Structures are given as C-alpha cells and as structure tokens.
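Peer 1: After the structure tokens below, expect a handful of questions from me.
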Amino acid sequence: MIDYIYLTVLLPLLGFLINGLLGPKIKNEKLIGIIGSSTVGISFLVVLFALIQTVGLPADQRTNVVELFTWLNVAGLNIKFAYLVDPLSLTMAMVVTGVGFLIHVYSIGYMHGDKAFWKFFAYLNLFIFAMMNLILGDNFVVLFLGWEGVGLCSYLLIGFWYEKNFEKGTVPQAAKKAFIVNRIGDFGFLLGMFLIYSTFDSLNFLDVFSKAEYFPVSEATFGLIAIFLFIGAKGKSAQIPLFVWLPDAMAGPTPVSALIHAATMVTAGVYMVARASIIFASAPAVMTVVAVIGMLTAFFAATIGLVQNDIKKVLAYSTVSQLGYMFLALGVGAFSAGIFHVMTHAFFKALLFLGAGSIIHSMHEEQNIQKYGNLKKYMPKTFITFVIAAFAISGFPGLSGFFSKDEILWYSYANGNLFFWIVGAITAVLTAFYMFRLVTLTFFGKERFNKSEKHPHESPAVMTIPLMILAFLAVVGGYIGIPEIFSGEHGNVFHNWLMPVFAAADRKMAVYGTHTHLEEIVLMVISVAAALGAIYAAYIIYTKRIEVANKTASKLKGLYTTLFNKYYVDEAYEFAVIKPIQKGSEKLLWKFFDVKIVDGIVNGAASLVDVVSSVIRKMQTGVAQFYLIIMSLGIALVLFWIILSL
Amino acid sequence: MDLSFITESLYFVKPEIAASASIILLVLLDLIFHKNKTIIPYVALAGIIITGIFVVDQFNISGFAFLSTDNPKYGMIAVDNFGAFFKLIIIISSIFVVAFSAYSDEINKITDRLGEYYALIFGMILGMLVLISASDLILIYLSMELLSLSSYVLAGFTKLRDRSSEASLKYLLYGATSTGMMLFGISILYGLTGSTNLYIISAALQTQSLNLLTLAFSIILIFAGIGYKISSAPFHFWTPDVYEGAPISITAYLSVASKAAGFALLIRFIKTTFVTFVDDNGNWQLLQVFDWESLLIIISLLTMTLGNFTALWQRNLKRMLAYSSIAHAGYLMLGLLVFSNQGLIAILIYFTIYLFMNLGAFFIVMVIANKTGSEDIDDYDGLGFKSSFLGVSLAIFLVSLTGLPPTAGFIGKLYLFIALVDAKMLTVAIIALLNTVVSLYYYIRVLKHMFLTSPTEKTEKIPLNFGQIAVIIIMLIPILLFGVYFSPVVDLAKSYITILGF
C-alpha cells in the first residue's frame, strides 16, 4: 500500500471537490457527511496498510519515496511532487487520518442543521488534504504547500460562523488574528527554506539531511536556519510569543478546535522540527532556545488555564501548554518522546474538545463552567469519557498521557538539567489541577444553571461513539511507548520504531547519559504523587470548599487578575505592535507614502500611458494607404540603420 | 527528373497530401449536396483528423523531400520534429475552428456556402503545413500565397457586412505589398547566391564573401513578408481592422494558426540560413550580416508596446483581442532574439499554451456575440452573475493571457523571461514585464465589467448547449492543469526543437 499513499491525499481532495462544488445541490446532510467522512476513513485504511507493510520491512528499508511527478524544473531547481513514507510520516498520518475520521463522524451530529453543512465538510476535507501534504511531502516545498494550506483552512474554519460575535470582537477578527500571527511564523519558515536552498542547493529532505550530516557547514549557518525554522514552528504550534492566536481560534465550531487547534495542525511545528532534527541537532544553542521556549510556554499557559472560566479557553491554554512540553522534549533532543506526546495528546485532547462540544451542545451554547454543575447525571457517556481524558492528560499512571509526559520529564532531566525537570513537574501539577477544576465544576456539585431554561441531555450516538473510541485510545495509546525500565530488554518500542529517522541527529548530539534507573523511578514517583495530590485538591476545593478558591483569589488579587487577563499579552501586543503599526500605517504609509508617493507614481505612469497610447492609437487610422506608407517607412528606417552601422 | 524523385518524396508529405485530397473532396461534396450541407463540417473534421494522424506519424522522422537538383543532399521540404510540432499546433487549432464554426451564428447563416468555407480553410491548412517545412524560397513564397489567398477570401466571407468586405480588401492590399517586397528580396538573395534552397544558400554565405549591404537589403525585404504574417511592427497595421471585420472563427484561426506558421517560417529561415554553429550550451552563432539581436529586440519591444498600448483603448472585445494578439507576437519574438535552444523551447511552450488561452477567449466572445449580437464591453456588465460559467471561464482565459499564476499563461511567460535573463538581457526583460503590467489593465477591465458591475436590464443569461460547454472545458483543462503541472509541456518542447541540419 506504500505505493498508493497518494490516495490519502487525493481522496480528501476529491471529497472537497464533490462537497464543495455539488454540496448545495446535494442538500442531504447524511450523504454529504458520508462523502466527507468516508474519504478520510478510506485514507486511514490506506495509511494503516502502509504502516503494516512498513513494519514488515527491515529497519533500514523503512524509508520509501513515492514519486508522483516533477512539479518544477526551472533553472537548476528541481522540485518533485513526491511523498516520503517513513516511520515519522506514517505515525503522523495515522493520527491525522484516524483522529480526523472520528471528528468527521462526530461533526455529522454536531453540525446537524447548520445552513452551510456542506461547506463545513468541504473545508474539513480540504484541511485533511493540506495536512497530508504537509506530513507526507518529501521536500520543503510540498511541506510548505501543506503548511500554507492548513493555515488557510484554519482561517476558513475559525471564521466559519462569520456572522457571530466572539468575546469583545467578532468571529472574523479572531480568524484574521490566527491568520496574521501565522503569517509571521510562515515568513520565518520561508527564510529558513531560502537559506537551506542556498546552503545545500536542494530542498529535498533526504538530500538536505544527508548533506547536513557530512557537509562542512558552519554552526552559525545551522543556527540561523534552525532559528528561522523554529520561528515558523512557533507560529503554527502556538509558542511564546506567537501563541496569542490559539485561544481566539476557539471562535470556530468545536470539532474544528478538536481537529485543527488541538490534535493535528498545531502539531505541525513539532513535526517540522522533528523532521529537520539533524539541522537542529547541529545547532546546540538553538536547541537550548527551543527547550527554554517550550518550558516557558508550558508553564505560563498552564497558569493561565488555572483561572479561565470558558471551557474551551481552558482547553485551548492546556493545548498551548502541552505543545510547550513537546518543544521541551525536542529541545533536549528527545525527538521521539516529542512525537510520542503528539500522538497521545491527539487522543486525549481531541476527546476533551469533543466532550466539551457535547456539553456545549446540550447546554445550548453555554461555555462558562461556572454555569454548569452536576452534568454527570444528564450526560453519563460524555462524563465518563471526559474524565478518562482528564486523567490521561494529568498523567495518571497507566494511561497514555502518563507514559508520554513522563518520558518528556525524564529526558528534560537526563539530557537537560534539573531546572527543566522542576518547571516541567510543576506544570504537570498545574495541569492536573486546572483539568480537575474543570471536571469538578462541570460534572459535580449542584446544578448552577436554570433548569427551566436549559435541558441538558446526552448527545446522539454519532457523537458519543467517537468519544468512546478516543477514550479507548487515550487509555491504551501509551502502551506502545512503555519506557525501558518497565518493558525490560525490548526497550521502548515506539522509540525503536522512530529510531531510523532520528539516528543522524542522535549521532550528532552524542548524549550518553549516565543516569540510573533509580533516579528515573524516584523522579517519576515524585511527579505522579504531586499530580495525584493536585487532582484530589481540585476535587475537594471545587465540590466542598469553594471558599478556599475564592479566598485565595481575593488574597492574591493581583496575581489572579493578571492570570485571568492572560498576563495582558493581548493588551501588550495591542499597545506595542498593533497601535504603532496602525498609526504608522495611517499617517506615514497611507496618507504620505501611499497617497503622495505611490499614487503619484502610479497615476503619473497611468497618465503617461494614457498620453502615449492616445498618440499611438491615432496611427490606426483605418486608411490602408497610410498603413502602407508607415510600413515602407519602417523598412527604409531599418535599411538606413544598417547602412549606418556597416 | 525521374519518377523515383517523386515517389521517394511522397513518404514525407503525407499530411500535405491528405489536406489536398480533403480540398478536392470538399469541393466535390459541395457540388453533390448542394441542398443540404450538414455533412460538410463532419467531412472537414474527418479530413483534419486524418491529416493530424499523418502529422503525428511524422514525429521523430526526419529527412528531405523533393531533393534539389543542384545538391541532392538537400531538398525543398525538410521534415523534422520542429516542423511536426508546429503542424500539430495547426491541426489542433483547426479542429477547434471547425467546432467554432459549428457554433457560430455568422457561419451558420450562410449554409449554402459551407463547402466553399471549409475548402478554403483546407487551403489555409495546406498552405501552413507546407510553409512550416519549406526549405526553399520558391516553395516558401508559393505556400505563403496559398495561405494568404485563402485567408483573404475567408476574412471577407460574410460579405454582406461592410466591415467584412473592408477587412478583406485591406488584407489583400497589405498582403500584396508585403509579399511583393518579399519576392523582391528573394530574387536578390537568389542573385547573390545562385540558389533558392536555404541550405545551399547557407553554405554559400559561409564560403563566399558577399556584399553585406545587398545581403542585408534582401533579408530585410524577406522579413517584411514574414513580419506581415506574424503581424509584428511595423507590419501589423492590417491586424486590428481585419480581425474585427472577419468572422470570429476566422479571426481566432488567424491569430493562432496563421501566426504559428509565420513563426515556424521565421525560425526555420533564420536557423537554417544564418546560424553557423550551435555550441554545447545551446547558443546559436549567427552569420554577421548586421546586428541581428538589436534589430529583433527593437521589433519585438515595438510590437508588444504598440499592441498593448492600443489595446488599452478598445471597447470592442474582438478588437481588443486583436491588439492583444499583436502584443503576444512581440512576447514570442523574445524567445527568438536570444538565439538559443532555450529560447526556442520557450517559444514552443508559449505557443502550446497560447493556442488554448487565445482560442478560449475568442470562443467565449463568439458565444456571447451570438446571443447579444455585440462584442462591446458594456454588454458584459454583470455577466459573471447571469452566466457564471462563461464569466469564470473567460476570466481564467484572460488571466492566463495576462500571465498570472496559477494559470498556464504564467508558465509560458516564465520560460520566456528565464531565457532572457539567462542571455543577460535584463533591460529587455524589464520592458517586457512592464508591458505585461499594461496588458493587465485591459484584460482585467473585462473582469471588472463582468463581476463588479451589477447586471443591467440588457444583460441576459447566455444559454449554452452541451457541445459549447464541452469545447470550453477542453480548452480550460490545459490552462489550469499546465499552470500547476507543466513538466510534460516542457519535456515535450525540449524534444521537439530539432531542426534538420543541426
């Protein structure tokens, strides 16, 4: 099936074309939903078979290139439209098509009755198309095509309900924010790409990476390339300081938040850094930057999550925080641990968002968790799956999140230092706390909503079945990555699977830790115990001792408002970036540069063209004799010129 | 001269034989079915397809037909890949023109003269096929006259319209003058070298020392004849008047097929006669008669500038497209004036794309004119809303003509400009780029009328039948496909630049 991997790109494109062009004529929601979901479902099967086939190959033959056609062949630049099928891309593709399929199915229920039902599915399919190009592309250009494509789809889907208001602004403003912030990252990524081309004379992954290992390229060049690529990754994966768009992206329909802004697109940055691992490994200074940025993002986003009241906002900051973890892993060189967390996070975060969607749906679009309460009575299936996901993200032993998060924490100490571990562990505690604050306020305690107005109810099977499947994955998904200390001689299966992809980077960094298993177990016990304590504390505080929370909030009023207002980052941007740009644009660029200079030149050129062409036009008199005279004169002139030049 | 002289040559001229047979057949059928002529277009189509099959059959075959009696190494007709490529362009555009004519109200009004119409089209086809492979001045002249005479009549085919008769007459006057000059040039060249065969002339030019002024004089005069066919400045004046007056199907045909034949002739004439040597990088070394480069640069830039600047003012779409096709002749010459294989590749790519985008634009203008009876830009107000398929398709063709991505037109211009930049002619490239900016204005103005102006009461929905939609889609597909996936066109062009003798 490896040779047919292009189907996973083609089918979603087909789904997009069918639903996008014929959607308004089909009208039947079921049919549209089936078309949209089945294209992704079949893609999933193709990826699955390709995966089985690849696993069957010896480890050194697991990298295959499926060439479709030569796309550009201009002046030495040869770009092929080709897909790279290797352990890394297959892992990502499994997550994208698998989780993507479940979310498509869920959307049939969630979007029921929407006036642009067809458009939603067309966009979702287009997103999968772009995302698969991003993951499977065998060179930076195809990756960039997908990179820009997912950005576009993200914009379209955040702004899907473009007539509505969102917080202080409107939905289109949130969509624009996401797009513009992403563009800043994309610019960095483009610069990185140009630099790669000028350094290695190629944009093909295998080519560039093999050259990167052996070419005599200075560390400064590697550092520059890596930092540009990392800026791109920051934009897509919402890292400091470009994370501001992700919370606002929650203006889109909830399945979109689950698919794009939690499970798949936002991990594109992680994927890209992991893909270019050899380049990053060759720039140790940038690796430290990545680790520090990841750590800070994880921590600060988690603190903001503590006090938010909008259910999707909490999950959004949680996503930013978890992405920070992934970058922390990449930064300390634990690439496979980062990808492992991408996968487990996709399961439980998609589940959390879809669960949140189910709640919002039944609560008539109410998103404030202070106005929920005791929902476990009304929505048992949502409740159970949601709690499983919350336990998974909190790192409850035995669930998927435990294995991946623990691996990251361990490497942050083993490859990094104790400080990374401490901040990581504190973040894990915070995560456990805000997740169970959310769970407790939502599902336990008394109903805090008007029962005569709202009638919470369980969602239909088309929505709850995907929840259950994801819950199953959130439980067992971690078992393929059991660390060496538990699995013994087999080692970490997931790690070994990705080994060939990161081998070059590992060679380059050559970190051989001298840490003992005892250290690993001690650190693990400490972090798990603290997280469990946080879960218990959150449950007690928000069911029985709510006054503790209120008292703490009033005692630390300054801190509380700072957190509640997200460290005023949006305001700071407004003041430091947006206002100056607006002012500068208006006064300098618009009123002076545009009106006076640009318009002056353009209008001047236009009137010049005007004059010239009115003269030329007069030559076309329609009189044949005149034409013939001009022609003869032309010949005479040419002859005259030749005589002169001889 | 024995019989084998002829029989051995027949192998190389099968397409020309098929075209000649079709003329005779059409004339006969016209006499037999003088009441009901519905069969005629089908016979014409079949004739074109058979001719086309023979053309495809000629791919990768090379050789001379009708060998010269002076030097039997060379002949009057050179069959090679370069010629086959241009012949294919002619065949494809001929097929489209039959489709055009089938849907053209102008043509359908005169069914009783349908036999004549198609017989004349075949006259043009035959003329062009011979012109493309002719390597003898006499044959060049003869085929050019055959092509021209058929075109004169076709341009005035709807003779009841004043415009049409005027077009025909102007075309005739202009053609007669130019070919007259060309004939004069040919006679001088013959007098200088003692042969009419291009290859023998080339050999003579390289070995003997000749009076350069006389030689230059003859080349310029010959160029007048060719320049008139490709409507380059200052021989372009006939173009707008003729294009406007002729039936749209013929205008479209003249703007693509006739121009292709003219270009093929120009390239073959220069390459076989004056190129002495092609180096490893594909650069051509020319015989130093005068400054070839400067002359062609001036003509090329003048042609595109005149075409674009005059098009700015046109309110009649047909006339606007006429000027635009003049401008495109200017762009195409950019590929020649770098005198390299890369430039030649760029010309072949451009022609492949130009064929579809120009014919596409003309076809839609014709479909609209069928309904509204006008080509005035004001009648396009709000068309994008009333007939969205037509509007969007025309928009794509015009955007492609401008040369914007992601349409194929961009790829065509891209390769032309790459050839220029590689030849270090940055100034020329910049002037050409500025020209495309000017052209953006008049192309996009049509879009403005179609999509930004609301429909008026006059705007009506243009009904389309299945065949018309099919024709439009067939032309749209390459424009959209080659804009993204263009390596097949490039590869095709690369393998079809071989001209016999090098």
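The values are calculated or read from the model by the stated rules, or taken from the named source; none is laboratory data. Predicted, not measured: the structure shown is a model, and the values here were computed from it. Glycine also receives a Cβ, built like all others from the backbone with ideal geometry; neighbour counts cover every protein chain displayed.
Peer 1: If a residue must be more than 16 Å from B:G403 (Cα to Cα), touching a residue at least 40 places away in the same chain (Cβ under 8 Å), part of a helix (DSSP H, G or I) and more than 10 Å from every other protein chain (Cβ to nearest Cβ), how many such residues does the stretch B:421-442 contain?
Peer 2: Summing the residues that are more than 16 Å from B:G403 (Cα to Cα), touching a residue at least 40 places away in the same chain (Cβ under 8 Å), part of a helix (DSSP H, G or I) and more than 10 Å from every other protein chain (Cβ to nearest Cβ) in the stretch B:421-442 gives 1.
Peer 1: Another question, then. Considering only the stretch A:590-633, state which residues are closer than 18 Å to B:L169 by Cβ and of a type outside the set (V, I, T).
Peer 2: A:Q620, A:G622, A:A624, A:Q625, A:F626, A:Y627, A:L628, A:M631
Peer 1: Tell me, yes or no, whether the stretch A:19-29 has at least one residue that is among the hydrophobic types (A, V, I, L, M, F, W, C) and away from every other protein chain (no Cβ under 14 Å).
Peer 2: The answer is yes, given that some residue of the stretch A:19-29 is among the hydrophobic types (A, V, I, L, M, F, W, C) and away from every other protein chain (no Cβ under 14 Å).
Peer 1: Being touching a Lys or Arg at 6+ places or on another chain (Cβ under 9 Å), over 16 Å from B:N358 (Cα atoms) and not acidic (D, E) is true for just one of B:L88, B:L67. Which residue is that?
Peer 2: B:L67 is the lone residue from the list that is touching a Lys or Arg at 6+ places or on another chain (Cβ under 9 Å), over 16 Å from B:N358 (Cα atoms) and not acidic (D, E).
Peer 1: Also, quick follow-up: So the check is Cβ under 7 Å with 6+ separation or different chains; which pairs have a first residue in the stretch A:60-83 that's outside the structural domain of A:F502 (by TED's automatic domain parsing) and a second one that's in a loop (DSSP other than H, G, I, E, B) and of a type in the set (V, I, T)?
Peer 2: What qualifies is A:V66/A:I5; A:Y83/A:I5.
Peer 1: Can I ask one more? Helices (runs of 4 or more DSSP H) wholly in the stretch A:534-646 with at least 2 residues that are out of contact with any helix residue (DSSP H, G or I) (no Cβ under 8 Å at 6 or more places or on another chain), away from every other protein chain (no Cβ under 14 Å) and within 30 Å of A:K313 (Cα to Cα) - which ones?
Peer 2: A:546-555, A:557-564, A:569-573, A:579-584
Peer 1: Shifting gears a bit: In the stretch A:40-63, what count of residues is obtained for those that are in contact with an Asp or Glu (Cβ under 9 Å, 6 or more places away or on another chain) and modelled with pLDDT under 90?
Peer 2: 2
Peer 1: Could you grab me the full set of residues in the stretch B:370-417 that are of a type in the set (V, I, T), at pLDDT 90 or above and over 15 Å from B:G360 (Cα atoms)?
Peer 2: B:I411
Peer 1: Quick check, is B:F184 within 13 Å of another protein chain (Cβ to nearest Cβ), over 23 Å from the mean Cα position of the chain (by Cα) and either modelled with pLDDT under 90 or over 24 Å from B:G307 (Cα atoms) (or both)?
Peer 2: It is true that B:F184 is within 13 Å of another protein chain (Cβ to nearest Cβ), over 23 Å from the mean Cα position of the chain (by Cα) and either modelled with pLDDT under 90 or over 24 Å from B:G307 (Cα atoms) (or both).
Peer 1: Is it the case that A:L77 is out of contact with any strand residue (DSSP E or B) (no Cβ under 8 Å at 6 or more places or on another chain), within 14 Å of chain B (Cβ to nearest Cβ) and at pLDDT 90 or above?
Peer 2: no
Peer 1: So which helices (runs of 4 or more DSSP H) are wholly in the stretch B:80-188 and hold at least 2 residues that are of a type in the set (A, V, I, L, M, F, W, C)?
Peer 2: B:81-103, B:114-133, B:137-155
Peer 1: If you don't mind, another one. For the stretch B:449-465, enumerate the residues that are surrounded by 13 or more Cβ atoms within 10 Å (Cβ to Cβ) and within 34 Å of the chain's Cα centre (by Cα).
Peer 2: Hits for the stretch B:449-465 are B:H449, B:M450, B:F451, B:T459, B:E460, B:K461, B:I462, B:L464.
Residues are listed down the side, and each one gets a yes or a no for (1) in contact with a strand residue (DSSP E or B) (Cβ under 7 Å, 6 or more places away or on another chain); (2) part of a helix (DSSP H, G or I):
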site	(1), (2)
A:V141	yes, yes
A:W147	no, yes
A:G151	no, yes
A:S154	no, yes
A:E163	no, no
A:P172	no, yes
A:R183	no, yes
A:D186	no, yes
A:Y197	no, yes
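Peer 1: Right, another one. If I go through the stretch B:204-222 residue by residue, how many of them are free of Cβ contacts under 8 Å to residues at least 40 places away in the same chain and either in a helix (DSSP H, G or I) or of a type in the set (G, A, S) (or both)?
Peer 2: Going through the stretch B:204-222 one residue at a time, the tally reaches 8.
Peer 1: Sticking with this structure for a sec: Taking the stated definitions as given, is A:I26 crowded, with 17+ Cβ neighbours inside 10 Å and modelled with pLDDT under 90?
Peer 2: In short, no.
Peer 1: Farther than 30 Å from A:A504 by Cβ and either crowded, with 19+ Cβ neighbours inside 10 Å or over 27 Å from the mean Cα position of the chain (by Cα) (or both): is that true of A:S43 in this structure?
Peer 2: no
Peer 1: Where residues in the stretch B:418-446 are of a type in the set (A, V, I, L, M), under 30 Å from B:D381 (Cα atoms) and surrounded by 18 or more Cβ atoms within 10 Å (Cβ to Cβ), which of them is modelled with the highest pLDDT?
Peer 2: Once the filter is applied, the top-ranked residue is B:V446.
Peer 1: Can you find a residue in the stretch B:459-467 that is more than 28 Å from B:N283 (Cα to Cα), within 14 Å of chain A (Cβ to nearest Cβ) and of a type outside the set (K, R)?
Peer 2: no
Here is a yes/no grid of residues against (1) farther than 25 Å from A:A606 by Cα; (2) within 14 Å of chain A (Cβ to nearest Cβ); (3) at pLDDT below 90:
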residue	(1), (2), (3)
B:K259	yes, no, no
B:A264	yes, no, no
B:G282	yes, yes, yes
B:W313	no, yes, yes
B:M320	no, yes, no
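Peer 1: Which condition from (1) farther than 24 Å from A:E574 by Cβ; (2) without any contact (Cβ under 8 Å) to a residue 60 or more places away in the chain is the one that A:E213 breaks?
Peer 2: If we test A:E213 against (1) farther than 24 Å from A:E574 by Cβ; (2) without any contact (Cβ under 8 Å) to a residue 60 or more places away in the chain, just (2) comes out false.
Peer 1: Here's a follow-up. Which number in (1) hydrophobic (A, V, I, L, M, F, W, C); (2) facing another protein chain (nearest Cβ under 9 Å); (3) under 30 Å from the mean Cα position of the chain (by Cα) marks the one condition that B:L212 misses?
Peer 2: With respect to (1) hydrophobic (A, V, I, L, M, F, W, C); (2) facing another protein chain (nearest Cβ under 9 Å); (3) under 30 Å from the mean Cα position of the chain (by Cα), B:L212 is out only on (3).
Peer 1: As an exercise: evaluate A:E366 against (1) in contact with a His (Cβ under 6 Å, 6 or more places away or on another chain); (2) not in a helix (DSSP H, G or I) and give the number of the one condition it does not meet.
Peer 2: Unmet for A:E366, out of (1) in contact with a His (Cβ under 6 Å, 6 or more places away or on another chain); (2) not in a helix (DSSP H, G or I): (1).
Peer 1: For the stretch B:273-305, which residues satisfy the criterion of being assigned to a loop (DSSP other than H, G, I, E, B) and among the aromatic types (F, W, Y)?
Peer 2: Of everything in the stretch B:273-305, just one residue is assigned to a loop (DSSP other than H, G, I, E, B) and among the aromatic types (F, W, Y), namely B:F290.
Peer 1: Are any residues in the stretch B:223-243 within 10 Å of chain A (Cβ to nearest Cβ) and either of a type in the set (V, I, T) or touching a strand residue (DSSP E or B) at 6+ places or on another chain (Cβ under 9 Å) (or both), and if so, which ones?
Peer 2: Matches in the stretch B:223-243: B:T239 only.
Peer 1: Is at least one residue of the stretch A:458-481 within 27 Å of A:M287 (Cα to Cα), touching a residue at least 40 places away in the same chain (Cβ under 8 Å) and among the aliphatic types (A, V, I, L, M)?
Peer 2: No: zero hits.
Peer 1: Among the residues of the stretch A:451-489, what is the count of those that are of a type in the set (S, T, N, Q) and either surrounded by fewer than 17 Cβ atoms within 10 Å (Cβ to Cβ) or under 23 Å from the mean Cα position of the chain (by Cα) (or both)?
Peer 2: 2
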